[in-house]
Amino acid sequence: MTNLLLAFDLLLSLTLVGLAAAALTSREPRRAVILFIAFGLLLALVWARLRAPDVALAEAAIGAGLAGALMLAAARRAARGARGPGGSESSAGQD
Amino acid sequence: MSSPPSSVDRDGTQGRSPVLAALSVSVLTVLFAGLWLTLVGPTDPGSWIIGVPAVIAAVWARQRLAPAPGRGLSLLGALRFLPVFLIESFKGGIDVARRVLGTRLRVEPGLLTYRLSLDSRAARVFFVDLVSLLPGTLSADLQGDTLVVHALDCRVDAAPELLRLERHVARVFRERLPEQGAPTP
Amino acid sequence: MVALHWLAAALILAGLLFFVAGTVGLLRLPDALSRLHALTKADNLGLFLVALGLLVANPEPFFALKLLLIWLLVMAAAATGAHLIAKRAVRGDGEDAP
Amino acid sequence: MSELLAIPALILLLTLGAGLVRVVIGPTPTDRLMAAQLTGTTGIATLLVLAPVLRAPALVDVALVFALLAAVAAAAFTRQRRSAEEP
């Protein structure tokens, strides 16, 4: 039982660190944001594992949900701004 | 039973009788109160200090934001559809698992189109969601009356299955599909 | 009592199988739309079976209602999300270029 | 019984980690978002089986919030196309 939970904790921490590294090193903003959302969900799992359901709730709702959605919109806007607003190629290709 | 049969738009509230409106408000109140009870559990009566205002706000928001009511839902149709849905979604999961876990992937993905005959907005949304949950099909795009369906195995004809499903949805939403006769008054 | 526990264990194991199938599908299937299939169907069924197993192990009406609510929400979110994602892919939005 | 539920929790976490590979390798944003959705569903199942192990029934509420937010990411991801459609 304790060994199982230890394995669970180790796996959770490793995945979390891996995700954080992937999010930080990714060059593309949208990829980084999606990795960040996944990171937030896993972080909520960590809080849940630490028996802090209230913190997990806040992390899932604010960290992954709200911040994720906002950052997704921001990343999109940044990408559009970088290629020039209303540029013929970018506005057609960028849905 | 109150709005014109072909109303896809959102303005159809003028034809409702006050009795029906009061009935729908009380049903909604009971539903939202049940939802609150589900969320907080039965052991904490003090929670109703928050719960009562929340339920009232929810009922108000629903009345304010709700699209025009269609012909209402048919409870019988829904009850008849429920086992079909459960069995089909089981089949859907098993189908995907079998295809994927085999040593050789047995998929032949492809797109096909399907003409929707459902009328109301709610019924369409319901149908589009259902298509994605049932075996082998995934609703990919909806343009006007044409639904683009992605099939995991396009060697199997999915159209009869979709038609059967559409019949069920029409029964739940009290709609008549064209080949079954004229709309009810 | 013991029989019930075995039933719960069997249901949870079956649910796990579908979660594994969903992930394997996500990794193995050739294109994005096919991967969506694995996601919506296998995972919903997996969650249903796991929730049912937990319910058999701990039969309480309010727990059941909460699980039902979670399952309904997940189903609605998965189906709608799958449709939205598929729509983008089918319409061939330029940003899907790698 | 409830201690043994740590085994499914571990397996679920393993599948979750494997699914995250798809987030990292992509190749398209569609694939990444899809895999992030998988994280949500598998996370819900993990929370549900973890609740009896840790004797913390409130974890079910966390799972409920996960379920509520599962749609938000997908909606936010696709909502932008409409704003770009009508420039």
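The values are calculated or read from the model by the stated rules, or taken from the named source; none is laboratory data. Everything numeric here is computed off the predicted structure, so don't read it as measured data. We place every Cβ from the backbone using ideal geometry, glycine too, and count neighbours over all the protein chains shown. SASA here: full protein model, heavy atoms, side chains in, ligands and nucleic acids out. Shrake-Rupley method; radii C 1.70, N 1.55, O 1.52, S 1.80 Å.
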Give me a count of the residues in the range C:1-57 that are in contact (Cβ under 8 Å) with a residue 24 or more places away in the chain and not in a helix (DSSP H, G or I).
0
Filter the range C:30-68 down to residues that are open to solvent by 30 Å² or more (accessible area, probe 1.4 Å) and touching a Phe, Trp or Tyr at 6+ places or on another chain (Cβ under 8 Å) and give me whichever is nearest to the other protein chains (Cβ to nearest Cβ).
C:F48
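Condition check: within 25 Å of D:L68 (Cβ to Cβ) and part of a helix (DSSP H, G or I). Does A:L24 satisfy that?
In short, no.
Going by the structure shown, is C:L84 open to solvent by 10 Å² or more (accessible area, probe 1.4 Å) and within 14 Å of chain A (Cβ to nearest Cβ)?
Working: open to solvent by 10 Å² or more (accessible area, probe 1.4 Å): yes; within 14 Å of chain A (Cβ to nearest Cβ): yes.
Considered against the rule, which asks whether it is open to solvent by 10 Å² or more (accessible area, probe 1.4 Å) and within 14 Å of chain A (Cβ to nearest Cβ), C:L84 comes out as yes.
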Subset tally (residues that are out of contact with any strand residue (DSSP E or B) (no Cβ under 8 Å at 6 or more places or on another chain) and either touching a residue at least 60 places away in the same chain (Cβ under 8 Å) or open to solvent by less than 20 Å² (accessible area, probe 1.4 Å) (or both)) for the range B:133-160
2
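If you scan the range D:1-13, which residues turn out to be open to solvent by 10 Å² or more (accessible area, probe 1.4 Å), in a helix (DSSP H, G or I) and facing another protein chain (nearest Cβ under 7 Å)?
Here is the first cut: in the range D:1-13, the residues open to solvent by 10 Å² or more (accessible area, probe 1.4 Å) are D:1-5, D:7-8, D:10-11.
Right, trim to in a helix (DSSP H, G or I) and you get D:3-5, D:7-8, D:10-11.
Within the range D:1-13, D:E3, D:I7, D:P8, D:L10, D:I11 qualify.
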Of the residues in the range B:99-132, those that are facing chain C (nearest Cβ under 8 Å), part of a loop (DSSP other than H, G, I, E, B) and without any contact (Cβ under 8 Å) to a residue 24 or more places away in the chain come to B:L105
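Per-residue answers, yes or no, for (1) open to solvent by 50 Å² or more (accessible area, probe 1.4 Å); (2) basic (K, R); (3) within 10 Å of chain D (Cβ to nearest Cβ):
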site: A:G18; (1), (2), (3): no, no, yes
site: A:L24; (1), (2), (3): yes, no, no
site: A:P29; (1), (2), (3): yes, no, no
site: A:A38; (1), (2), (3): no, no, yes
site: A:L42; (1), (2), (3): no, no, yes
site: A:R51; (1), (2), (3): yes, yes, yes
site: A:L57; (1), (2), (3): yes, no, yes
site: A:A69; (1), (2), (3): no, no, yes
site: A:L72; (1), (2), (3): no, no, yes
Please go through the range D:27-65 and pick out each residue that is of a type in the set (G, A, S) and at the interface with chain A (Cβ under 7 Å from one of its Cβ atoms).
D:A36, D:G40, D:G43, D:A56, D:A58
So B:V96 ticks every box in (1) open to solvent by 40 Å² or more (accessible area, probe 1.4 Å); (2) assigned to a helix (DSSP H, G or I); (3) within 11 Å of chain C (Cβ to nearest Cβ); (4) of a type outside the set (D, E) but one. Which box is left unticked?
(1)
